[in-house]
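Note sheet for the following structure.
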Amino acid sequence: MNDAQITPQDRVDATNRWCLDRMTTLNQDILQRRSRPENFPAELQDAVLRHLPAPAALPPRSAQQLLVLLGLAGAGVARHYQEANLSHRLQPDRAFAGLTAGTGPAAVAFGQYFTELADRTGTGHGPRDSFASLVRWNAPAVEVEWDGQILARLPTVFEDGLVRTYTGAVDEQRFFGLLKASEALERAINTELMPLSDGSLGLDDEPALFRIARAVVLLDTLRELNHDFADRPPDDGLQITHFMDVFRQYAVHWTAGDIPPSGALDPEALIRDLIVGIDLPDYPAHLHRIFPGLLQAERSTLTELLGRSSLPQAALARAGLRPDEVVTRPAPELKQLIVRHPSLAALYLLLNAHARAAGVHLLLSKRFLFDPQRDRERAGMGDPGVVSNRTGTTGLTETRLELLTRVRQHHSLSCLRVLPARTLEQLARPPAIRAGLTLTKGVLVRFTGSPLAAHDLGLPGSPPARPHSHPAAPRPGVARPA
Ligand code: HEM
């Protein structure tokens with residue numbers, strides 16, 4: 001095939017193959033010091049960037065594909081540059097100096113190309129990799145089924161059903177799978193709750209109570225999914241050293257102060273916090289700080305929700321109470337209140353399920369990051385990586401995650417705890433609703449169109465019989481001294 005016959009999509013497909021194959025090997029070789037860090041940008045330039053078409057020549061979906069790929073590659077460029085000399089962390093953007101996309105007079109700097117490509121997707125994507133590009137667009141499509149009925153679907157932008165990773169490690173694949181499956185479940189939860197939040201359903205009406213009850217079941221499924229992941233033996237889940245020393249170290253800054261990808265940018269989790277309410281005065285400021293890491297539609301939804309009452313606030317307002325008043329009511333009065341306004345009981349159960357899910361997430365963050373990092377500090381190993389293992393990538397500390405969990409546990413309807421669980425349950429879920437919760441097939445989360453085993457996409461299920469290769473973690477002390 002001569003150059004004139006090669007289409008822009010052919011270039012994207014070739015880049016995909018390069019990322020799946022050569023880039024993962026190159027990343028491993030550099031981490032194992034079998035190859036030099038500067039080989040990464042050199043090969044990227046020669047094998048990929050110089051062949052790329054102008055972003056304007058790409059349909060939006062192809063632009064999304066290429067953005068995923070260049071996001072992964074850009075992270076490699078930035079990481080290897082910073083690890084080569086720790087002083088490079090001060091001016092991370094210099095990693096991209098000299099990298100250009102396209103050839104001849106049409107060639108543009110990598111950063112400019114990435115920004116034009118992001119614009120071409122039409123999604124309001126920012127100038128670096130993101131949760132959307134790395135997780136949602138990358139991993140295979142996932143569906144959430146409720147007794148055979150599809151409640152939510154998160155598509156992919158690729159046809160191959162694969163997960164693109166930094167090093168080809170199945171750990172990374174499973175982690176991306178877990179994040180995407182969780183996001184899909186969360187989307188199903190938010191889809192249940194949104195008509196209540198926007199006022200299209202009356203909170204105390206049966207359809208609303210059913211939706212809240214269904215959201216509780218979905219939240220429990222989310223918690224179980226994450227708990228199952230936490231309980232896996234290291235070889236079958238995510239190796240702690242791989243998470244800390246390999247995976248997280250790709251979440252470096254591309255420019256000083258930018259927002260690297262993180263689970264903390266999972267938009268459905270943020271949306272749920274606002275729908276169910278989160279009593280933290282600085283939460284809106286936190287959201288605005290991380291807005292550059294989100295897509296335009298996500299920023300718009302969050303902005304709209306910031307201007308709305310949360311569901312508990314709306315339910316209390318219907319009951320004619322201010323949030324501080326409900327705390328002071330004696331139990332018999334609270335009971336009368338929920339008889340008149342059963343949504344309060346239903347929301348109480350919802351907020352508890354939300355807090356339980358947050359508790360399991362906190363456990364994951366401690367198991368895979370904060371606890372082992374504490375052990376390292378005690379052993380005098382410090383925190384030598386280019387991405388600190390003392391905090392999350394967007395800067396959330398363990399204390400902050402604990403605070404978020406505590407706030408979700410001591411929620412605005414916690415005072416209903418004084419009432420018998422059975423009473424709350426019966427009022428929140430009258431018989432017709434309970435009947436609707438009796439499932440034959442249950443809640444199913446599954447990836448579609450993928451050759452990969454569910455287990456290797458972070459879902460419960462038996463590990464595949466075939467042993468899979470696991471690229472070795474880098475030697476201890478990944479970061480090289482300046
Ligand atoms: C092994 C699994 C996981 C680990 C080790 C982990 C770890 C962390 C860490 C360290 C942070 C702080 C991040 C930062 O500062 O940017 C964080 C935050 C967050 N993660 Fe995860 N995470 C895991 C799984 C998930 C999953 C499956 C989701 C859902 C899609 C998720 C959603 C979030 C959210 C929403 C936050 C913001 C804090 C909060 O709202 O509580 N994480 N996680």
- Query: In percent, how large is the relative contact order of segment 87-178, given Cα pairs closer than 8 Å and 6 or more residues apart?
  - Reply: 16 percent
- Message: Please list, in order along segment 27-40, the HN-Hα scalar couplings obtained from phi with the Karplus expression 6.51 cos²θ - 1.76 cosθ + 1.60 (θ = phi - 60°), rounded to whole Hz, x for Gly and Pro.
- Response: 4, 4, 4, 5, 5, 8, 6, 8, 9, 8, x, 5, 5, 5
- Query: If you stretched the chain out fully between ARG406 and LEU363, how much longer would it get, using 0.36 nm times the residue separation minus the C-alpha to C-alpha distance?
  - Reply: 14.2 nm
- Against the longest principal axis of the chain, how steep is helix 296-306, in degrees 0 to 90 to the nearest 10, with axes from Cα atoms? 30 degrees
- Item | Amide H contacts under 5 Å for LEU52, placed H, 5+ residues apart | GLY102
- Only Lys, Arg (+1) and Asp, Glu (-1) charged, at Cβ; the chain dipole about Cα centre in debye: 700 debye
- Item | Extension gain from ALA106 to ASP282, taking 0.36 nm per residue of separation minus the Cα-Cα distance | 58.8 nm
- Item | Cβ-placed point charges (K, R +1; D, E -1), dipole of segment 113-250 about Cα centre in debye, nearest 20 | 420 debye
- Message: Tell me the angle of helix 342-365 to the major Cα principal axis of the chain, expressed in degrees between 0 and 90 and rounded to the nearest ten.
- Response: 30 degrees
- Please report the relative contact order for the chain, taking Cα pairs under 8 Å with a sequence separation of at least 6, and give it as a percent rounded to a whole number. 23 percent
- Difference of contour (0.36 nm per residue) and Cα-Cα distance, ALA54 to LEU444: 136.3 nm
- Query: Applying 1/(1 + (r/R0)^6) with R0 = 41 Å to the Cβ-Cβ distance of ASN85 and MET194, what FRET efficiency is obtained, to the nearest 0.05?
  - Reply: 0.25
- Item | Sulfur and carbon atoms: percent of accessible area, segment 74-140 [1.4 Å] | 53 percent
- Query: Looking at segment 153-225, which GluC sites (Glu not before Pro) are in a loop (DSSP not H, G, I, E or B) and have at most 11 other Cβ atoms within 10 Å?
  - Reply: GLU159
- Message: Residue by residue through segment 14-22, what is 3J(HN,Hα) from phi via Karplus (6.51 cos²θ - 1.76 cosθ + 1.60, θ = phi - 60°)? Round to whole Hz and write x for glycine and proline.
- Response: 5, 5, 4, 4, 4, 5, 5, 10, 5
- Message: Taking all protein chains in place and a 1.4 Å probe, what share, in percent, of the accessible surface of segment 265-352 do carbon and sulfur account for?
- Response: 55 percent
- Note on the structure: With only helices counted (DSSP H, runs n ≥ 4, each -39500 (n - 2.57)), the per-residue ellipticity at 222 nm for the chain, to the nearest 500, works out to -14500 deg cm²/dmol
- Note on the structure: Quotient of Cα radius of gyration and Kirkwood radius for the chain, i.e. Rg/Rh, equals 1.00
- Message: Keeping every protein chain present and rolling a 1.4 Å probe, give me the accessible area per residue for the chain in Å².
- Response: 41 Å²
- Note on the structure: Whole-Hz Karplus couplings 3J(HN,Hα) for segment 412-424, θ = phi - 60° and coefficients 6.51, -1.76, 1.60, Gly and Pro as x, run 5, 10, 3, 4, 5, 4, 5, 8, x, 4, 5, 4, 4
- Hey, got the dipole for segment 45-161? About the Cα centre, +1 on K and R Cβ, -1 on D and E Cβ, debye to the nearest 20? 400 debye
- Could you state the number of Å between the C-alpha centres of segment 171-202 and segment 347-371? 16 Å
- In what sequence, largest accessible area first, do LYS180, LYS335, LYS441 appear using a 1.4 Å probe? LYS441, LYS335, LYS180
- What residue among LEU364, LEU424, VAL339 has its Cα farthest toward the positive end of the dipole of segment 330-463, where the charges are +1 on Lys, Arg and -1 on Asp, Glu, each on the Cβ? VAL339
- Item | For VAL142, residues with placed amide H under 5 Å, excluding near neighbours | LEU154, THR448
- Message: Helix 60-84 against the longest principal axis of the chain: what's the angle in degrees, Cα atoms only, rounded to the nearest 10?
- Response: 70 degrees
- Ordering of 20-30, 380-390 by burial proxy (mean other Cβ atoms within 10 Å per residue, highest first): 20-30, 380-390
- For segment 1-110, what relative contact order do you get, as a whole percent, if you take Cα pairs closer than 8 Å and at least 6 residues apart? 31 percent
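The values are calculated or read from the model by the stated rules, or taken from the named source; none is laboratory data. All values reported here derive from a predicted model rather than from experimental measurement. Virtual Cβ from ideal backbone geometry, glycine too; neighbours counted across all protein chains shown. Surface areas here come from the heavy atoms of the whole protein model, side chains and all, with no ligands, DNA or RNA. Shrake-Rupley method; radii C 1.70, N 1.55, O 1.52, S 1.80 Å.
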